[in-house]
Amino acid sequence: MERFLSTWFVSSVALGFAALLLGDHMTIGDADETTVNRVVALAIVGLVFTIVHELVGGIVKTLSLPFIVLTLGLLLIVINALLLLLTEWITSQFGVEFAVDGFWWAVLASIVISICQSILSAVVGR
């Protein structure tokens, strides 16, 4: 349980940083909402992203392992971008404001999120 909570926290912070860095190309929460509502939206998006990444990501990465090796790991960036877009779709079904401008912005966001998660995981010490 502690590992899941730390993963959720790290993912939420990484998503928030990516949204801050990418500006209008990746948004979490409505700009007109209060700070508390935006933090709640970030926590919900982080939770969904963590669940999607752990469940769906694990299965997809296992099934595509030969192609990941063949592309020297570059396929992982595409898989993470697609998982981010899946998170966008799932959160929209719950009415949570989360948007990425398209596949290439999702690729860039997945790179930023991966770097942030690596740094934060080292600091948090999962």
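Would you be able to tell me the number of residues in the stretch 25-55 that are in a helix (DSSP H, G or I) and touching an Asp or Glu at 6+ places or on another chain (Cβ under 8 Å)?
Going residue by residue through the stretch 25-55, those that are in a helix (DSSP H, G or I) are 25, 35-55.
Adding the requirement that they be touching an Asp or Glu at 6+ places or on another chain (Cβ under 8 Å) leaves 25, 37-38, 41.
So the count comes out to 4.
Just to verify a result, which residue in the stretch 88-116, among those that are of a type in the set (Ser, Thr, Tyr) and within 19 Å of Leu21 (Cα to Cα), is surrounded by the most Cβ atoms within 10 Å (Cβ to Cβ)? Let's see the steps before the verdict.
Restricting attention to the stretch 88-116, the residues satisfying the condition of being of a type in the set (Ser, Thr, Tyr) are 91-92, 110, 114.
Applying the additional criterion that residues be within 19 Å of Leu21 (Cα to Cα) yields 110, 114.
Details: Ser110: 22, Ser114: 15.
Once the filter is applied, the top-ranked residue is Ser110.
For every residue, the table says whether it meets (1) in contact (Cβ under 8 Å) with a residue 12 or more places away in the chain; (2) closer than 16 Å to His25 by Cα; (3) part of a helix (DSSP H, G or I).
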{"position": "Leu76", "(1), (2), (3)": "yes, no, yes"}
{"position": "Glu88", "(1), (2), (3)": "yes, yes, yes"}
{"position": "Ile111", "(1), (2), (3)": "yes, yes, yes"}
{"position": "Val123", "(1), (2), (3)": "no, no, yes"}
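Here are some conditions: (1) without any contact (Cβ under 8 Å) to a residue 60 or more places away in the chain; (2) surrounded by fewer than 18 Cβ atoms within 10 Å (Cβ to Cβ). Phe9 meets all but one. Which one does it not meet?
Unmet for Phe9, out of (1) without any contact (Cβ under 8 Å) to a residue 60 or more places away in the chain; (2) surrounded by fewer than 18 Cβ atoms within 10 Å (Cβ to Cβ): (1).
Given the structure, is Ile119 assigned to a helix (DSSP H, G or I) and more than 13 Å from the chain's Cα centre (by Cα)?
Working: assigned to a helix (DSSP H, G or I): yes; more than 13 Å from the chain's Cα centre (by Cα): yes.
Taking the combined requirement at face value, the residue satisfies it.
Condition check: touching a Ser or Thr at 6+ places or on another chain (Cβ under 6 Å) and either under 23 Å from Gly125 (Cα atoms) or in a helix (DSSP H, G or I) (or both). Does Ser6 satisfy that? Reasoning before the result, please.
Values: touching a Ser or Thr at 6+ places or on another chain (Cβ under 6 Å): no; either under 23 Å from Gly125 (Cα atoms) or in a helix (DSSP H, G or I) (or both): yes.
No; evaluated as a whole, the condition is false for this residue.
Mind listing whichever residues of the stretch 87-103 are among the hydroxyl-bearing types (Ser, Thr, Tyr) and either under 12 Å from Ala41 (Cβ atoms) or over 14 Å from the mean Cα position of the chain (by Cα) (or both)?
To start, the set of residues in the stretch 87-103 that are among the hydroxyl-bearing types (Ser, Thr, Tyr) comprises 87, 91-92.
Across the stretch 87-103, the qualifying residues are Thr91, Ser92.
Only the coordinates and a few stated rules stand behind these numbers; no lab work does. Keep in mind it's a predicted model, so treat the numbers as computed, not measured. Note: ideal-geometry Cβ built from the backbone for every residue, glycine included; neighbour counts use all protein chains shown.
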